[in-house]
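Okay, so here's the structure we're looking at.
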Amino acid sequence: MDRPPILNVEGVLLICLMGDLHDRVLSHLFHDLSSVMSSRRPLGVVLNIAGVTMIDGFIAHRLEELSRLSLSLGAPLVIVGMNAAAAATLVEMGLRLGDIHTARDFERGLAWLKARTREPATS
């Protein structure tokens, strides 16, 4: 899967990643997400990684870049579906996902995004 589809669900972009991630997939995703976000102006992005077989430092860094891209275009990103093995690997490697919000599943991620968009803006 070189170009994961980007779906629009209730004004939120949904991306499901599967298998082994490599630079080409993540580079395409970065480009495609910036293009779609510029034209659709979503409330947020839900990135489902339940189907990802391994997360390492490189992938964690690229996920952080995707989150910064999304925020810079006005929509928060939430990662859903991280399995226990991936989370344990990140902890063991001492990696942090920065300001990336995570949720157990799509429904919780969507609820977090909707609650966040209802919060009043602070100055």
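With respect to the conditions (1) in contact with a helix residue (DSSP H, G or I) (Cβ under 9 Å, 6 or more places away or on another chain); (2) surrounded by fewer than 17 Cβ atoms within 10 Å (Cβ to Cβ), Arg68 lacks only one, and its number is (1).
For the stretch 102-121, the count of residues that are in contact with an Asp or Glu (Cβ under 8 Å, 6 or more places away or on another chain), on the phi > 0 side of the Ramachandran plot and in contact (Cβ under 8 Å) with a residue 24 or more places away in the chain is zero.
When each of Val36, Val80, Val45 is tested for being among the hydrophobic types (A, V, I, L, M, F, W, C), at pLDDT 85 or above and over 11 Å from the mean Cα position of the chain (by Cα), the lone residue that passes is Val36.
The criterion of being modelled with pLDDT of 90 or more and under 19 Å from Asn8 (Cα atoms) does not hold for Arg116.
The values are calculated or read from the model by the stated rules, or taken from the named source; none is laboratory data. Source: prediction; values computed, not measured. Glycine also receives a Cβ, built like all others from the backbone with ideal geometry; neighbour counts cover every protein chain displayed.
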